[in-house]
Amino acid sequence: MQSSPAPVIVDRAPGAAGELILRKSGPHYEIISNGVFLMDTRDGASERLLVTAALDHHPPPADILIGGLGVGFSLAAAAAHPHAGTITVIEREPAVIAWHRTHLRPCSAGALDDPRVRLHQADLLTWLHRNPRPHHVICLDIDNGPDWTVSDGNARLYQPSGLRLLADRLTPDGTLAVWSAAPSPAFRRRLRDHFTHVTTRTVPHRRAHPDVIYLARHPRGVSHPTPPHF
């Protein structure tokens with residue numbers, strides 16, 4: 001049996017949590033942050049489900065915010081979904097954005113050129129604090145999960161204060177979708193404190209645990225008007 005070729009480093013760049021590396025293993029790309037594997041282009045089923053499972057609940061055109069550009073599977077799924085209206089993407093790493101103009105462009109199916117897409121290079125927490133406009137859908141995929149964050153600051157998003165902020169940035173019928181590389185029962189309990197309806201979807205993975213999509217709908221205590229469609 002032939003062994004797989006060793007990964008080849010395509011690019012290195014400074015990142016918010018340390019060095020970012022884009023490497024290629026056979027036909028697939030991998031993103032490594034400060035020595036921690038983040039994602040690759042081998043499948044993307046759970047990243048696409050993160051978006052489609054949330055958008056399916058909303059009539060078109062639904063305003064969607066995606067936290068984390070990653071390798072682009074979620075963005076591509078949003079651009080292809082018949083219910084999607086304006087698509088706002090928040091990515092804090094300039095290098096990741098640059099790679100989508102070159103190496104990773106096929107993974108997002110060129111969706112950055114879609115006129116509905118607004119890409120912002122920013123920290124998600126900071127952007128949410130500065131932009132109070134509500135969305136129908138927020139999809140969160142900036143970490144390996146609530147219990148395995150890329151940086152210490154990201155952990156606040158999954159705590160009560162962060163969930164309150166996310167709920168406040170949703171319409172009364174809005175949906176929050178969160179990607180995780182493993183189940184987090186404590187996080188699911190916290191979601192129930194802020195949303196009236198919480199479910200999970202799992203996707204088998206080559207790792208020991210399946211990927212998990214948390215879907216939280218109808219934020220508690222939110223009464224601002226639905227945003228206009230564009």
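The values are calculated or read from the model by the stated rules, or taken from the named source; none is laboratory data. Computed from a prediction, not measured in an experiment: that's the story for all the values here. Cβ sites come from the backbone with ideal geometry, for glycine too, and all protein chains shown count toward neighbours. Heavy atoms of the whole protein, side chains included, go into the accessibility calculation; ligands, DNA and RNA do not. Shrake-Rupley method; radii C 1.70, N 1.55, O 1.52, S 1.80 Å.
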- Query: Restricting the search to the stretch 29-39, which residues are part of a strand (DSSP E or B) and surrounded by fewer than 20 Cβ atoms within 10 Å (Cβ to Cβ)?
  - Reply: Glu30, Val36, Phe37
- So is Ala84 out of contact with any Phe, Trp or Tyr (no Cβ under 7 Å at 6 or more places or on another chain), at pLDDT 95 or above, of a type outside the set (Asp, Glu) and under 22 Å from Asp211 (Cα atoms) or not? no
- Look at the stretch 179-209 and say how many of its residues are open to solvent by less than 60 Å² (accessible area, probe 1.4 Å), in contact with a Pro (Cβ under 9 Å, 6 or more places away or on another chain), of a type outside the set (Gly, Ala, Ser) and without any contact (Cβ under 8 Å) to a residue 40 or more places away in the chain. 4
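Can you report the number of residues in the stretch 54-65 which are surrounded by fewer than 19 Cβ atoms within 10 Å (Cβ to Cβ) and modelled with pLDDT of 95 or more?
Initially, the stretch 54-65 is screened for residues surrounded by fewer than 19 Cβ atoms within 10 Å (Cβ to Cβ), giving 56-57, 59-61.
Right, trim to modelled with pLDDT of 95 or more and you get 56, 59-61.
Selection size over the stretch 54-65: 4.
Find the residue count for the stretch 141-154, including only residues that are farther than 13 Å from Val178 by Cβ and of a type in the set (Gly, Ala, Ser). First the steps, then the outcome.
Going residue by residue through the stretch 141-154, those that are farther than 13 Å from Val178 by Cβ are 150-153.
From the residues that got through so far, the ones that are of a type in the set (Gly, Ala, Ser) too are 151, 153.
Qualifying residue count for the region: 2.
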- Message: Looking at the stretch 66-76 only, could you name the residues that are aliphatic (A, V, I, L, M) and open to solvent by less than 10 Å² (accessible area, probe 1.4 Å)?
- Response: Ile66, Leu69, Val71, Leu75
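Of the residues His136, His83, which single one is touching a Pro at 6+ places or on another chain (Cβ under 6 Å), under 29 Å from Val222 (Cα atoms), in contact (Cβ under 8 Å) with a residue 24 or more places away in the chain and crowded, with 16+ Cβ neighbours inside 10 Å? Before you say what the answer is, go through the steps one by one.
On the way: His136 fails: touching a Pro at 6+ places or on another chain (Cβ under 6 Å).
Sole residue among the options that is touching a Pro at 6+ places or on another chain (Cβ under 6 Å), under 29 Å from Val222 (Cα atoms), in contact (Cβ under 8 Å) with a residue 24 or more places away in the chain and crowded, with 16+ Cβ neighbours inside 10 Å: His83.
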- Query: From Arg156, Arg92, which residue is basic (Lys, Arg) and farther than 22 Å from Arg192 by Cα?
  - Reply: Arg92
- Message: I need every pair where a residue in the stretch 40-51 that is within 19 Å of Thr200 (Cβ to Cβ) and open to solvent by 40 Å² or more (accessible area, probe 1.4 Å) has its Cβ under 6 Å from the Cβ of a residue that is at pLDDT 90 or above and outside any loop (DSSP other than H, G, I, E, B), sequence separation at least 6 or different chains.
- Response: Arg48/Phe73; Arg48/Ala77
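Being closer than 25 Å to Pro204 by Cα and surrounded by fewer than 19 Cβ atoms within 10 Å (Cβ to Cβ) narrows it down to one residue among Gly26, Gly18; which is it? Spell out the reasoning first.
Details: Gly18 fails: closer than 25 Å to Pro204 by Cα.
Sole residue among the options that is closer than 25 Å to Pro204 by Cα and surrounded by fewer than 19 Cβ atoms within 10 Å (Cβ to Cβ): Gly26.
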- Task: Tell me, yes or no, whether the stretch 166-173 has at least one residue that is of a type outside the set (Val, Ile, Thr), open to solvent by less than 30 Å² (accessible area, probe 1.4 Å) and under 20 Å from Glu47 (Cβ atoms).
- Result: yes
- Item | Evaluation of Arg101 against (1) touching a Phe, Trp or Tyr at 6+ places or on another chain (Cβ under 9 Å); (2) surrounded by fewer than 17 Cβ atoms within 10 Å (Cβ to Cβ) (one fails), failing number | (1)
- Item | Where Arg92 falls short, out of the listed (1) open to solvent by less than 30 Å² (accessible area, probe 1.4 Å); (2) touching a helix residue (DSSP H, G or I) at 6+ places or on another chain (Cβ under 8 Å); (3) over 19 Å from Val51 (Cα atoms) | (1)
